[in-house]
1. Over the chain, average the accessible area per residue using a 1.4 Å probe and give it in Å², no decimals.
2. In degrees from 0 to 90, rounded to the nearest 10, what is the angle of the helix 48-61 Cα long axis to the longest principal axis of the chain?
3. Which of the cysteines found in the chain have nothing to pair with, since no other Cys Cβ lies under 4.7 Å from theirs?
4. Could you calculate the contour length gain from residue 62 to residue 94, that is, 0.36 nm times the residue separation minus the distance between their Cα atoms, to one decimal place in nm?
5. Calculated from DSSP H runs of 4 or more alone, at -39500 (n - 2.57) each and per residue, what is the 222 nm mean residue ellipticity of the chain, nearest 500?
6. Among (1) -0.44, -0.85; (2) -0.60, -0.88; (3) -0.55, -0.98, only one was calculated for this model; which label is it, if the read-out is log10 I(q)/I(0) by the Debye sum over Cα atoms at q = 0.12, 0.18 Å⁻¹?
7. On the full set of protein chains, 1.4 Å probe, figure out the accessible area of residue 62 and give it in Å² to the nearest 10.
8. Length gain on complete extension for the stretch residue 52 to residue 23, per 0.36 nm per residue less the alpha carbon to alpha carbon distance?
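The values are calculated or read from the model by the stated rules, or taken from the named source; none is laboratory data. No experiment lies behind these values; they were computed from the predicted model shown. Backbone-built Cβ (ideal geometry, glycine too); neighbour counts: all protein chains shown. Ligands, DNA and RNA are stripped out before the accessible areas are found, and what is left, the full protein with its side chains, is counted by its heavy atoms. Shrake-Rupley method; radii C 1.70, N 1.55, O 1.52, S 1.80 Å.
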Amino acid sequence: DDRYYPEACYRLALIYGIYKEDRFLGKARRFYDCGMEGDRVRLPMLPDEVEQFREQARVLLSEYNACGRERCTIAATKRCPCQLVWYCSPECQAMEWKAHKLVCLEAR
C-alpha cells in the first residue's frame, strides 16, 4: 500500500542514521529524501505516527547529504560547483560526471 511508503522510508532513515557512521549516513539521507518525496505526492493527511518518524529523521539527518552517485551509501561532504549536488569524494563525482555534466554547466 503506497500510503505507508513514506513511513517506511523514514523508519529506514532512522535505522541507518542512528549509527552515525559515514558508510550509512548517505543511505539514511537517501531514505529520508524518498520519504519526503512520497509525502509530497500523496494527500496532505499524515497520521501522527508518520509525522513523528519524519521529524525524528529530519533532526537526525539535518546535517547530512546523500552522495550524488545513486549507488553510494556514504554521506556527502563536498558540493559540486553548480551547488545542485553533493558528493562524498572526487571519485564519485568523476563517476557521475557524464550524467551530471549538462545540468552542471547550465547551472553555472
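1. Numbers: 7230 Å² over 108 residues.
Using a 1.4 Å probe on heavy atoms only, each residue of the chain averages 67 Å².
2. Taking Cα atoms only, the helix is inclined about 30 degrees.
3. By the Cβ distance rule, which asks for a partner under 4.7 Å, the isolated cysteines are 80, 92.
4. Values: separation 32, 0.36 × 32 = 11.52 nm, distance 2.58 nm.
Extra length available between residue 62 and residue 94 comes to 8.9 nm.
5. Numbers: 4 runs with 65 residues, N = 108.
Result for the chain, helices only: -20000 deg cm²/dmol.
6. Entry (1).
7. 80
8. Details: separation 29, 0.36 × 29 = 10.44 nm, distance 2.52 nm.
Once the chain is fully extended between residue 52 and residue 23, it gains 7.9 nm.
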